[in-house]
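Structure first, commentary second.
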Amino acid sequence: FTKQVEKNPDKIVIIFEDQRWTYGQLDEYSNRLARYIRTQPMSRGDSVAVIMENRPEYVGTWLGLSKAGFVGALVNTNLRKDVLIHSIKAANSKSVIFGAELRDAIDEIKDKLPGVGLYQSSEKPDTPVVEGAVDLNKSMVNISSDAVEVDLSLGCPRDKLIYIYTSGTTGMPKAAVINNLRYMLMSCGVYYMLGLEHTDRVYDPLPLYHTAGGIIGVGPALCVGITVVLRRKFSASKFWADCIEHRCTVAQYIGEICRFLLSLPPSPNDTAHNVRLMYGNGLRPQIWESFVKRFNVEQIGEFYGATEGNSNLVNIDNRPGAVGFVPRFGDALYRVALLRIDDETGEPVRGPDGLCTRCKPDEPGIFVGKINPKKAVHDFRGYADEKESEKKIIRDVFKKGDRFFNSGDILVMDELGYFYFKDRRGDTFRWKGENVATAEVEAVISNIIGLRDSVVYGVEVPGNEGKAGMVAIYDPHQTLCLQELADGLKKSLPAYARPLFVRVLAELPLTGE
């Protein structure tokens, strides 16, 4: 980033609404924040939670924290109450920097965060500040924007840069470690493998707390020198209009975005843009070709990868439906594989020798990547919680003593080596572009309905990507109050995590486990 600042200080790095931030301005903002935060009662290496909606200050905040020697933990802005508290504590955050737009969410949990510093970042002057919080804007007014002394020798490739939260395939949100090398790999990988250019403008309407928006979207701007156009929140009706207004040549997507765009009535904007490339994940084969044809997009860069994982795939040759390609003879070069699993237990099938069984072409299997601590690209840093990291490791896969990262995702590889995403196993399903942890939702519902038994799972809804939530509730005496349940869910869970369907059961089938 510093090299980009030195090379092009006046080049626009971020466009947001009517704002234009140059590399120099972003550098100065992050310098002021870094200088201020160093005066606060924290130690180098401490985690600081960052909770705010998309805007340039978001990028400047975690960048400044990094310059100061701290690790930004990028928290989902939809979380509330216990789940928000859990996420802040999961990364052992010593402080929280939050946007004024989220002050109500912080105000209702601040008493449960003793000893945690609170800093409010506001877009408008004289915005009311949460009681007990520091007004970050006023505190930074007289802080120098001169370059911060950064000991780059401490910024080793494997050092933590940020935390990004993921439910993975099981449990509550976990803070996944993103080190310097992984951030660079994802940012530069997209740039070089998909043929981006320094003159490109990338439209990024995705949340910056996710890998897709915060790294793969913003990363090429910080690391390579392109311009990124941010939007506070995605709008299907404004998507192509934004691309036209800001002269975007590249745009990001998730599968839901593509379906939303296709569902809109035809418009002149459909082909009046200059977007030649769209990259992201979740564009289903069923709508791939119709999407490309209607919107006249020359190239689709579909990719696959887990935030916390050590293996990624990318489709660089426009093959409809594929998430990536590894030559059948390339196994020794890029150690990923599909393992046959038991449909009942979800565990890998092992032979008489105790080793796992590799899937044949066109056979669904769990996607895994070999862990090699000697190669930073193939290392697995997992989560802030080492016990949670251990759960994602499969041992004795192809030989005794080897270790592989378990993605929890079911993929298929064809005869040529193209990979296709099929499903996600475990206690998580995906809806509206977000991972929903069933354990998290079940815990909230249990508190609302008086500790009755309930089971949450995902169900397919025709015409929609992912799976919608369904909850089965044990109510033998028919005393369940649905209005109370609805009100409680609205207060405690973001919209994407609230079950859309409720089954009321006189009996709740249980397994022997």
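For the residues P285, P320, the requirement of being surrounded by fewer than 21 Cβ atoms within 10 Å (Cβ to Cβ), free of Cβ contacts under 8 Å to residues at least 40 places away in the same chain and either touching a His at 6+ places or on another chain (Cβ under 9 Å) or closer than 20 Å to D362 by Cβ (or both) singles out P320.
Residues in the stretch 391-436 that are assigned to a strand (DSSP E or B) and in contact with a helix residue (DSSP H, G or I) (Cβ under 8 Å, 6 or more places away or on another chain): Y420, T428, F429, W431, E434, V436. Applying a threshold of 9 Å to beta carbon distances and a minimum spacing of six or more residues, or different chains, the list of pairs starting in the stretch 432-457 at a residue that is free of Cβ contacts under 8 Å to residues at least 12 places away in the same chain and over 16 Å from P173 (Cβ atoms) and ending at one that is in a loop (DSSP other than H, G, I, E, B) and of a type in the set (D, E, K, R) reads S446/R452; S446/D453. Looking across G60, G24, one residue alone is in a helix (DSSP H, G or I) and in contact with an Asp or Glu (Cβ under 7 Å, 6 or more places away or on another chain). It is G24. Only residues that are buried (at least 18 other Cβ atoms within 10 Å of the Cβ) and without any contact (Cβ under 8 Å) to a residue 40 or more places away in the chain were counted in the stretch 87-104, giving 3.
In this structure, is V336 β-branched (V, I, T) and either modelled with pLDDT of 90 or more or surrounded by 21 or more Cβ atoms within 10 Å (Cβ to Cβ) (or both)? Yes: the conditions hold for V336.
Selection of the stretch 302-357 for residues being outside any loop (DSSP other than H, G, I, E, B), among the hydrophobic types (A, V, I, L, M, F, W, C), over 30 Å from A91 (Cα atoms) and in contact with a strand residue (DSSP E or B) (Cβ under 6 Å, 6 or more places away or on another chain) yields F325, A337, L338, L339, I341, C356. From the list N8, N54, the lone residue that is touching a residue at least 60 places away in the same chain (Cβ under 8 Å) and outside the structural domain of G117 (by TED's automatic domain parsing) is N8.
In the stretch 458-477, which residues are in contact with a helix residue (DSSP H, G or I) (Cβ under 9 Å, 6 or more places away or on another chain), surrounded by 17 or more Cβ atoms within 10 Å (Cβ to Cβ) and either in a loop (DSSP other than H, G, I, E, B) or without any contact (Cβ under 8 Å) to a residue 24 or more places away in the chain (or both)? Answer for the stretch 458-477, where residues must be in contact with a helix residue (DSSP H, G or I) (Cβ under 9 Å, 6 or more places away or on another chain), surrounded by 17 or more Cβ atoms within 10 Å (Cβ to Cβ) and either in a loop (DSSP other than H, G, I, E, B) or without any contact (Cβ under 8 Å) to a residue 24 or more places away in the chain (or both): E465, G466.
Table: residues versus (1) acidic (D, E); (2) part of a loop (DSSP other than H, G, I, E, B); (3) not assigned by TED's automatic domain parsing to the domain that holds H378.
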{"residue": "V177", "(1), (2), (3)": "no, no, yes"}
{"residue": "R182", "(1), (2), (3)": "no, no, yes"}
{"residue": "L185", "(1), (2), (3)": "no, no, yes"}
{"residue": "V190", "(1), (2), (3)": "no, no, yes"}
{"residue": "E197", "(1), (2), (3)": "yes, yes, yes"}
{"residue": "V202", "(1), (2), (3)": "no, no, yes"}
{"residue": "P207", "(1), (2), (3)": "no, yes, yes"}
{"residue": "A212", "(1), (2), (3)": "no, no, yes"}
{"residue": "V229", "(1), (2), (3)": "no, no, no"}
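Could you list, in sequence order, the residues of the stretch 188-205 that are in contact with a strand residue (DSSP E or B) (Cβ under 8 Å, 6 or more places away or on another chain) and of a type outside the set (F, W, Y)? Scanning the stretch 188-205 gives G189, V190, M193, L194, G195, L196, D200, R201, V202, D204, P205.
Out of L74, L84, L118, one residue alone is buried (at least 22 other Cβ atoms within 10 Å of the Cβ) and either more than 19 Å from I215 (Cβ to Cβ) or touching an Asp or Glu at 6+ places or on another chain (Cβ under 7 Å) (or both). It is L84.
Specify which of the listed residues (G309, G354) is among the small types (G, A, S) and closer than 27 Å to L283 by Cβ. The conditions single out G309.
The values are calculated or read from the model by the stated rules, or taken from the named source; none is laboratory data. Since we're looking at a predicted model, the values are computed, not measured. Reconstructed Cβ throughout: ideal geometry from the backbone, glycine too, with neighbour counts over all protein chains shown.
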